[in-house]
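Rule-based calculations on the coordinates, nothing more; no lab input. Source: prediction; values computed, not measured. Neighbour counts are summed over all protein chains in view; Cβ atoms, including those assigned to glycine, are modelled from backbone coordinates with ideal geometry.
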Amino acid sequence: MSFPRRTKEVCDFVAEREIDEKISFIRNDHEVNGTIVKILENSVIVEISPKDADLIQAASNLTVVSHKNYSVV
């Protein structure tokens, strides 16, 4: 038995996001710019430069950013 999937409305801000869009966010007191590579329900996966990854002590040049914590550049 399977249950039908419920569709959840997304806010206009999230609905307008696109792959390869440039965003800016603050992490560890540093402003970081990056490019959206995947859009998720509550966040985006962002590609940042290796220099910024070192600066914010990220494990790789991909990081997850909540929709609440970035702005479009």
Once the dipole of the chain is set up from charges on Cβ (+1 Lys and Arg, -1 Asp and Glu), the residue from the list 43, 7, 69 lying farthest towards its positive end is 7
Backbone N within the stretch 45-61 under 13 Å of label point (7 Å from residue 37 Cα along the Cβ vector) | 45-50, 53, 59-61
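Full extension from residue 47 to residue 14: what is 0.36 nm times the residue separation minus their Cα-Cα distance, to one decimal in nm?
The residue 47-residue 14 span can extend by a further 10.1 nm.
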Scan around residue 21 for amide H atoms under 5 Å from its own, H built in the peptide plane at 1.01 Å from N, and keep only partners 5 or more places away or cross-chain.
-> 36
Long-range amide H partners of residue 61 with built H, under 5 Å = none
Each label point is 7 Å from the Cα along the Cα-to-Cβ direction; what then is the distance between the points at residue 72 and residue 21, in nm?
-> 0.5 nm
Residues with amide H under 5 Å of residue 43's amide H, sequence separation 5 or more or different chain, H placed in the peptide plane at 1.01 Å from N; which?
-> 67
Percent RCO, i.e. relative contact order, over the chain, from Cα pairs under 8 Å lying at least 6 residues apart = 28 percent
Under the Karplus curve 6.51 cos²θ - 1.76 cosθ + 1.60, θ = phi - 60°, whole-Hz ³J(HN,Hα) for the stretch 4-10, x wherever Gly or Pro sits = x, 6, 7, 8, 10, 6, 10
Aspartates and glutamates within cross-link reach of residue 68: Cα-Cα under 20 Å, excluding same-chain residues under 8 positions apart?
-> 9, 12, 16, 18, 20, 21, 29, 31, 41, 47
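Which net charge results for the neighbourhood of residue 55, defined as the other residues with beta-carbon distances under 14 angstrom from its beta-carbon, given Lys and Arg at +1 and Asp and Glu at -1? List each step's numbers first, then the result.
Details: positive: 27, 51; negative: 29, 31, 52, 54.
Neighbourhood net charge equals -2.
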